[in-house]
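The values are calculated or read from the model by the stated rules, or taken from the named source; none is laboratory data. Computed from a predicted model, the values in this text were never measured in an experiment. Positions of Cβ are backbone-derived with ideal geometry, glycine not excepted, and every protein chain shown enters the neighbour counts.
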């Protein structure tokens, strides 16, 4: 037995009202909440990471767009490229049990981890070289002046060890 026309109409109106009652955000509200500029948010829109609705000339961001912005900024903090971030954000819109997408994103994350670990090792080597140069300069300065050099701050001692 199908719903009467009046029942179907009421269901459509209720669904439209529920959609209208959903929280929406302005570009200024999102910029303030996430401490980014409106220009940055518009840039993310230009590259396809965000797709706000329009109300006249104003952008209206849904909870979905807020979550996509949050994921975008999280990806930036992780150092991911915009393409990698787009993959992450697009996964938000797809079923979470899509194994090929998850596997592809896991490869991206693992490659990124490897790259960061290599950079971290480069930084450790550089800090070690700096510590050696500092120690040599301190010895030469002490020999030239006869005075001991001020100690290295505690925050830098760990790098010298």
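Pick from segment 32-84 the residues that are touching a residue at least 40 places away in the same chain (Cβ under 8 Å), part of a helix (DSSP H, G or I) and within 15 Å of the chain's Cα centre (by Cα): which of them is surrounded by the most Cβ atoms within 10 Å (Cβ to Cβ)?
Checked segment 32-84; the qualifying residue surrounded by the most Cβ atoms within 10 Å (Cβ to Cβ) is 65.
Rundown of residues vs (1) without any contact (Cβ under 8 Å) to a residue 12 or more places away in the chain; (2) assigned by TED's automatic domain parsing to the domain that holds residue 35; (3) touching a helix residue (DSSP H, G or I) at 6+ places or on another chain (Cβ under 6 Å); (4) assigned to a loop (DSSP other than H, G, I, E, B), yes/no style:
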position	(1), (2), (3), (4)
88	no, yes, yes, no
107	yes, no, no, no
114	yes, no, no, no
120	yes, no, no, no
125	yes, no, no, no
128	no, no, no, no
131	no, no, yes, no
142	yes, no, no, no
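Residue 109 meets all of the listed conditions (1) within 17 Å of residue 25 (Cβ to Cβ); (2) at pLDDT below 90; (3) surrounded by fewer than 17 Cβ atoms within 10 Å (Cβ to Cβ) but one, namely (1).
With respect to residue 47, is the statement that it is over 20 Å from residue 27 (Cβ atoms) and either touching a helix residue (DSSP H, G or I) at 6+ places or on another chain (Cβ under 8 Å) or not assigned by TED's automatic domain parsing to the domain that holds residue 33 (or both) true? It is false that residue 47 is over 20 Å from residue 27 (Cβ atoms) and either touching a helix residue (DSSP H, G or I) at 6+ places or on another chain (Cβ under 8 Å) or not assigned by TED's automatic domain parsing to the domain that holds residue 33 (or both).
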